[in-house]
Amino acid sequence: MDIFERIGKIDNRIIYTLLVIVLLIPLARPIGLPVSVGPYVQKSYAVIDKLQAGDIIFMEAGYSISGASDVEPQTIAIIKHLMKKGVKMVWTSVIAEGGSIVENLMAPHEKAGKKYGEDWVNLGYLSGVENAISTYCRDLKKAYPKDFRGNSTETVPILKDIKTVADAKMFIFFTTGNADMYVRQVSPYKIPLVGGLISTISLQAEPYVQSGQLAGILSGLRGGAEYELLMKDPGIGVASMDAQSMGHVLIVLFIILANVSYFVTRSRDVAKRQKGA
């Protein structure tokens, strides 16, 4: 059996093993394959970078655990940026898992010294989806009499001067849904609105950026990687893009090898039959 026949009969287990190895290497140590930064991520970074230490912003964790893979790298990157700048965050969520997701996201920063109630607060889940957004934008403490940890919102220092969303400097949301309800409910308060979206939904939100209703958007896993590159701090977004690219290269390579093996062995079989005839 020559090399072409061997290639055509590679055990699937070998292919899967190689694929796992190729995916794990960049996840463990990001390679930093070239990724161009799009204009919408540049807009998002620019408006967020203008925030000053002590500014208070709203952050919406509008995605579930099942949708985290596409949106969470963006979230982690932006949190890092905000924490470095000393920006304070008021977290809300219209997804049942939102409160727990925020606790996990903020745990490393709390461990590093950021103070709950002063540097950030987790208000947790509020039912009603768009109605919930409308309610807490209009009167935050009435919508959330207690935070996720059971504290009265009247006693949380970061919320002392926050009555409506207009009292914040910005609103950033991360969602597996669409941007429409955030634009409808937050835009009237005239504060910058930035959205972290899954890649399949982001195209729908582009007209809002062009009209100025959204100050910027991030699209899927790539959006997270692009934001990390602007921060000059590669993380899970860049590593995941590296893994995705390496996986695609390996798959394409196996497709090419399989086709070469097929055509070479078939041409030999045809030649043998012609000689026999």
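Please compute, for the alpha-carbon atoms of the range 39-151, the extent along each of the three principal axes and give them in descending order in Å.
If we take the Cα atoms of the range 39-151, the spans are 33, 29, 26 Å.
Run the quick spin-label model on residue 9 and residue 142: label points 7 Å from Cα toward the beta carbon, then report their separation in nm to one decimal.
In this crude spin-label approximation the distance works out to 7.7 nm.
Using θ = phi - 60° and the Karplus form 6.51 cos²θ - 1.76 cosθ + 1.60, what ³J(HN,Hα) does each residue of the range 206-216 get, whole Hz, x for Gly and Pro?
Rounded to whole hertz, the list is 4, x, 5, 5, 5, 7, x, 6, 10, 6, x.
From the alpha carbon gyration tensor of the range 39-240, can you work out the equivalent ellipsoid semi-axes (sqrt of 5 times each eigenvalue) and give them in Å, largest to smallest? Intermediate values should be presented prior to the final figure.
Numbers: eigenvalues 108, 73, 51 Å².
They are 23, 19, 16 Å, listed from largest to smallest.
DSSP loop trypsin sites (Lys or Arg not before Pro) in the range 101-198 with at most 14 other Cβ atoms within 10 Å of their Cβ, which ones?
Passing both the DSSP loop test and the Cβ count: 115, 149, 160, 163, 190.
On a 30 Å Cα-Cα criterion, which of the cross-link pairs 80/163; 84/141; 43/146; 111/190 come out too long?
Going by Cα-Cα distance, 43/146; 111/190 fall outside the 30 Å limit.
Readers should treat all values here as calculations from the given coordinates under stated rules, not as data from a laboratory. Values in this document were obtained by computation on a predicted structure and should not be read as measured data. Every residue, glycine as well, gets a Cβ built from its backbone with ideal geometry; the counts of neighbours run over all protein chains shown.
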